[in-house]
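The values are calculated or read from the model by the stated rules, or taken from the named source; none is laboratory data. These figures come from a predicted structure and were not determined experimentally. In this analysis, Cβ positions are derived from the backbone assuming ideal geometry, glycine residues included, and neighbour counts consider all displayed protein chains. Side chains included, ligands, DNA and RNA excluded: accessible areas come from the protein's heavy atoms. Shrake-Rupley method; radii C 1.70, N 1.55, O 1.52, S 1.80 Å.
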Amino acid sequence: MAKLEDIVKRQKQGAQFVLSAQMLGMDFGTFDTVAQTWIERGGPGFEATGVPFRKVIDGEFLIARLTVVKTDPD
C-alpha cells in the first residue's frame, strides 16, 4: 500500500496517472467519498480528469479508479 503523497511525488508535472482504491489501501466506499471530493475540488497536487471508473458494490455504483493530472511541481 502506497501513500498518496508518495505516488503524486513520483510523477512529473502534467503527467496523467491513475489512483485506485486498491492502490491506496482503501475500501471502495471510502475511496468513492474521497474521489468525489477530488473531482469537485482537486486533490493534493493533482486534478481529476476524464470519467471515473465505477464498480458495482452491493448494488451501488462506486468509484474504483480515478485518472488525475499532476498540477504542482515537486
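Within region 1-36, the set of residues being of a type in the set (Val, Ile, Thr) and open to solvent by 20 Å² or more (accessible area, probe 1.4 Å) comprises Val18, Thr30, Thr33, Val34. No other residue among Arg54, Arg65 is under 21 Å from Arg10 (Cα atoms), modelled with pLDDT of 95 or more and of a type in the set (D, E, K, R) apart from Arg65. Of everything in region 58-70, what is surrounded by 14 or more Cβ atoms within 10 Å (Cβ to Cβ) and either more than 21 Å from Asp6 (Cβ to Cβ) or without any contact (Cβ under 8 Å) to a residue 60 or more places away in the chain (or both)? Give them in sequence order. Selection gives Leu62, Ile63, Ala64, Arg65, Leu66, Thr67, Val68, Val69. Selection over region 37-54 of residues that are surrounded by fewer than 15 Cβ atoms within 10 Å (Cβ to Cβ) and of a type outside the set (Gly, Ala, Ser) gives a count of 8. The test for being at positive phi and modelled with pLDDT under 95 does not hold for Gly59. For residues that are outside any helix (DSSP H, G or I) and under 12 Å from the mean Cα position of the chain (by Cα), scanning just region 4-24, find the one that is farthest from Val69 (Cα to Cα). Only one residue fits best here, namely Ser20. Out of contact with any helix residue (DSSP H, G or I) (no Cβ under 6 Å at 6 or more places or on another chain) and in a strand (DSSP E or B): is that true of Val51 in this structure? Spelling it out, it is not the case that Val51 is out of contact with any helix residue (DSSP H, G or I) (no Cβ under 6 Å at 6 or more places or on another chain) and in a strand (DSSP E or B).
Considering only region 1-33, how many residues are under 17 Å from Val56 (Cα atoms), out of contact with any helix residue (DSSP H, G or I) (no Cβ under 6 Å at 6 or more places or on another chain) and of a type in the set (A, V, I, L, M, F, W, C)? Break it down into steps so the answer makes sense when it comes.
Residues of region 1-33 that are under 17 Å from Val56 (Cα atoms), as a first pass: 20-22, 26-33.
Adding the requirement that they be out of contact with any helix residue (DSSP H, G or I) (no Cβ under 6 Å at 6 or more places or on another chain) leaves 20, 22, 26-27, 29-30, 32-33.
Then keep just the ones that are of a type in the set (A, V, I, L, M, F, W, C); that gives 26.
Number of matching residues: 1.
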